[in-house]
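This report refers to the structure that appears directly beneath it.
The values are calculated or read from the model by the stated rules, or taken from the named source; none is laboratory data. All of these numbers come straight from a predicted model, not from anything done at the bench. Methodologically, a virtual Cβ is constructed for each residue, glycine included, from the backbone with ideal geometry; neighbour enumeration extends over all protein chains shown.
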Amino acid sequence: MAMSEPNPIVLLVDDNLDTIKLIRLSLLKAGFANKVLEAHDGEEALDYLLGNARFSNRLEYPLPHVIFLDLKMPRMDGLEFLKRLRTWPPGKMIPVIVMTTSVLASDLSAAYDAGANSYLIKGADAHELVEQVSAIGAIWLSNTTRLPHAPSDPGLGT
């Protein structure tokens, strides 16, 4: 990870704008001041990653470090997007957290087969989602972010 990018870029791929708002809020509440960009279906997410059309400016639309991916979307669903992402060399390494309301075991195994790194069944309410996003963020975002209140070695050699 280059030091010039202190905060990993998060790409939210979800067709539900309320969910996007909630996840943005959850990341902030969990203490992650990450740049969050969004795409509203799998095709738009692919355009984003490939820098097509309106996403051609890499400074404005940098490659994400983590992708939060909804499974059920119009045009191209999450599984199809994930399969395509994993065949694209730069996309092999990007962690993907699949988010869904589905509790079906078949959806879970299909997501992992397609290359998901983590699987999140969307919380029943905002509070639950904040907790889930905090936990996910702690795994996928913290290793490259400084924690806001990291204690500076109290009592060591002072």
> Of all residues in region 47-64, which are crowded, with 18+ Cβ neighbours inside 10 Å and either in a loop (DSSP other than H, G, I, E, B) or in contact with a Gly (Cβ under 8 Å, 6 or more places away or on another chain) (or both)?
Replying inline: Leu49, Tyr61, Pro64
>> Out of everything in region 82-123 that is of a type in the set (Phe, Trp, Tyr) and closer than 23 Å to Ser134 by Cα, what residue ends up being farthest from the chain's Cα centre (by Cα)?
In response: Tyr112
> Out of (1) at pLDDT below 90; (2) in a loop (DSSP other than H, G, I, E, B); (3) hydroxyl-bearing (Ser, Thr, Tyr), what's the single condition that is false for Ser26?
Replying inline: (2)
> Which one of these is out of contact with any Phe, Trp or Tyr (no Cβ under 8 Å at 6 or more places or on another chain), modelled with pLDDT of 85 or more and small (Gly, Ala, Ser): Ala114, Ala126?
Replying inline: Ala114
>> Please go through region 92-116 and give me each residue that is surrounded by 16 or more Cβ atoms within 10 Å (Cβ to Cβ) and under 19 Å from Pro64 (Cα atoms), ordered by number.
In response: Ile94, Pro95, Val96, Ile97, Val98, Met99, Ala114, Gly115, Ala116
> Restricting to region 25-62, what's the tally of residues that are closer than 18 Å to Arg75 by Cα and among the polar types (S, T, N, Q)?
Replying inline: 1
> What do you reckon, is Arg54 without any contact (Cβ under 8 Å) to a residue 12 or more places away in the chain and among the charged types (D, E, K, R)?
Replying inline: yes
> What are the pairs, 6+ residues apart or on separate chains, where a residue within region 66-95 that is over 12 Å from Ala45 (Cβ atoms) and in contact (Cβ under 8 Å) with a residue 24 or more places away in the chain has its Cβ under 8 Å from a residue that is outside any helix (DSSP H, G or I) and among the hydroxyl-bearing types (Ser, Thr, Tyr)?
Replying inline: Leu71/Thr100; Leu71/Ser102; Lys72/Thr100; Lys72/Thr101; Lys72/Ser102; Pro95/Ser118
> In region 82-91, is there at least one residue being in a loop (DSSP other than H, G, I, E, B), modelled with pLDDT of 90 or more and surrounded by 11 or more Cβ atoms within 10 Å (Cβ to Cβ)?
Replying inline: yes
> Does region 31-46 contain at least one residue that is surrounded by fewer than 16 Cβ atoms within 10 Å (Cβ to Cβ), on the phi < 0 side of the Ramachandran plot, at pLDDT below 90 and of a type outside the set (Lys, Arg)?
Replying inline: yes
> Is at least one residue of region 137-148 within 23 Å of Arg24 (Cα to Cα), buried (at least 20 other Cβ atoms within 10 Å of the Cβ) and modelled with pLDDT of 85 or more?
Replying inline: no
>> Cβ-Cβ distance below 7 Å, separation of 6 or more or different chains: which pairs start in region 20-42 with a residue that is farther than 29 Å from Arg84 by Cα and end on one that is small (Gly, Ala, Ser)?
In response: Ala30/Ser134; Ala30/Gly137
